[in-house]
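I have placed the structure first, in the form of structure tokens, so that the comments after it can refer back to it.
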Amino acid sequence: MGRPPRTALAQPSATSPRRFGGNSPLRPSRASALRRVAAVLFLAAAVALPCAVLYRAAVDATAPVYIPRARRPLLQWDPSPLPPVEIPAEDGDDDPFPADDLDSEDLRLELVLQEASMDDKTVILTTLNAAWASPGSVIDLFIDSFHRGVGTSSLLRHLVIVAFDWKAYKRCVKIHPYCFALTTEDVDFSEEKRFQTTGYLEMMWKRLDFLRLVLEKGYSFVFSDADIMWFRNPFPFFYSDGDFQIACDHYVGNATDLRNIANGGFNYVKSNDQSIEFYKFWYSSRFRYPGYHDQDVFNFIKHDPYTTDIGLTIKFLSTSYFGGICEPSRDLNKVCTMHANCCIGLQSKIHDLRIMMEDWRNYMSMPPSLKIFGALSWRVPQNCSLSLLSP
């Protein structure tokens with residue numbers, strides 16, 4: 001019987017796994033082992049990923065967040081290194097800053113100036129005592145003018161209110177972020193200081209010496225009395241080449257003319273050697289002119305040869321932009337500030353300042369076409385008097 005014929009082996013097709021030696025099916029035992037390893041790795045990843053997310057969130061939650069100064073909310077208190085203030089439970093009028101604690105006072109001043117300053121180390125300063133600090137009084141009108149002015153609300157973040165007494169300081173911390181208590185031993189500055197009285201003179205000279213200290217710390221400043229309403233940002237109207245720039249009770253039409261009658265209630269001063277030396281000279285000159293306040297003494301020493309020798313560049317600010325009751329800014333389209341000068345008595349000041357603010361609100365509510373034609377003018381003075389200025 002013959003051997004059966006051999007059958008020819010089938011050739012793998014082009015799509016058959018057997019066509020490619022590396023793609024032949026795995027043996028069952030090896031494939032199942034790889035599936036188990038893959039499952040373990042997947043489970044480990046599923047557990048590790050949420051843990052990593054939670055850890056990162058915890059780290060981010062505790063990391064400090066820096067808010068650039070220009071974007072900080074104005075009246076939101078930043079965590080501050082300023083020493084805490086505690087009001088005694090039995091007597092809330094006690095001064096928490098003893099006058100002999102000079103090192104602490106200097107540190108507090110440096111910290112508050114640093115917090116409030118602009119990028120070029122410029123601050124806005126005003127002073128306050130209890131008489132001007134009560135609700136509805138001068139300080140409230142002052143701050144309200146920043147909110148209602150053109151381009152002025154953002155300037156409040158650079159304002160430091162310097163309190164002459166503890167009552168004024170307590171009021172300040174309720175309404176503004178940057179306050180400084182200027183201690184004065186054995187002198188009570190809390191009551192209203194009427195023009196040219198002994199208490200008024202002491203307060204003015206104390207203020208001037210404080211401003212000298214600010215300059216020595218390297219800070220330029222705009223000083224403004226609190227009875228000055230801010231209606232426009234004044235910085236574009238300052239002179240770039242002036243070391244010392246001051247407002248006027250009477251402006252003769254030229255920024256360098258020494259016949260201008262200066263008013264010390266508003267000035268812009270750059271911190272440099274010339275301005276610091278001038279403030280020392282100005283303060284020491286009170287002994288040459290006893291019984292005069294700082295504004296009168298300035299109008300004396302501006303003619304002194306030593307002022308020229310110092311190299312100080314003085315510029316007088318036009319009342320067209322920086323006016324007051326003595327000499328109002330006639331054009332509401334130009335006015336930056338208005339001062340309740342030529343006015344004696346707190347109630348008279350408050351009355352006319354309120355009228356001033358009403359006039360400004362009426363102006364701001366007008367359509368642009370009427371603003372251009374200057375259809376509105378100030379209704380002040382009313383209770384204040386223009387007769388206090390001697391040409």
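The values are calculated or read from the model by the stated rules, or taken from the named source; none is laboratory data. Here the structure is a predicted model, which means the values were calculated and not measured. So basically every Cβ, Gly included, is an ideal-geometry build from the backbone, and we count neighbours across all protein chains shown. When the accessible area is computed, the model is the full protein with side chains, heavy atoms only, and any ligands, DNA or RNA have been set aside. Shrake-Rupley method; radii C 1.70, N 1.55, O 1.52, S 1.80 Å.
A compact table of results
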| item | result |
| --- | --- |
| Approximate spin-label separation residue 174-residue 205, in nm, with each point projected 7 Å along Cα-to-Cβ | 3.4 |
| Hz values of 3J(HN,Hα) by residue in the range 273-278 - Karplus curve (6.51, -1.76, 1.60), Gly and Pro given as x | 4, 5, 5, 5, 5, 5 |
| Vicinal HN-Hα couplings computed from phi for the range 161-172 (Karplus, 6.51 cos²θ - 1.76 cosθ + 1.60; Hz; Gly/Pro x) | 9, 9, 8, 7, 8, 5, 4, 5, 5, 4, 5, 4 |
| Gain in span if fully extended, residue 274 to residue 344, counting 0.36 nm per residue against the direct Cα distance | 21.8 nm |
| Those residues of the range 350-374 whose amide nitrogen sits under 18 Å from the label point placed on residue 334, 7 Å along Cα→Cβ | 371-374 |
| Phi to ³J(HN,Hα) by Karplus 6.51 cos²θ - 1.76 cosθ + 1.60 over the range 144-153, Hz, x for Gly, Pro | 4, 5, 5, 5, 9, x, 8, x, 10, 4 |
| Set of lysines near residue 270 by C-alpha distance (under 27 Å), chain-local residues within fewer than 8 positions excluded | 121, 206, 217, 280, 302, 315, 334 |
| Heavy-atom accessible area order for 306, 251, largest first, 1.4 Å probe | 306, 251 |
| Solvent accessible area, Å² - residue 156, 1.4 Å probe, full protein context | 0 |
| Cα-only radius of gyration and Dmax that characterise the range 246-301, units Å | 11.8, 32 |
| FRET efficiency estimate (nearest 0.05) - Cβ-Cβ, residue 313 to residue 385, R0 35 angstrom | 0.55 |
| Protection-proxy order for peptides 119-131, 275-287, each taking the mean of Cβ atoms within 10 Å per residue, highest first | 119-131, 275-287 |
| For the range 274-391, projected area of the alpha-carbon convex hull averaged over all directions, nm² | 9.3 |
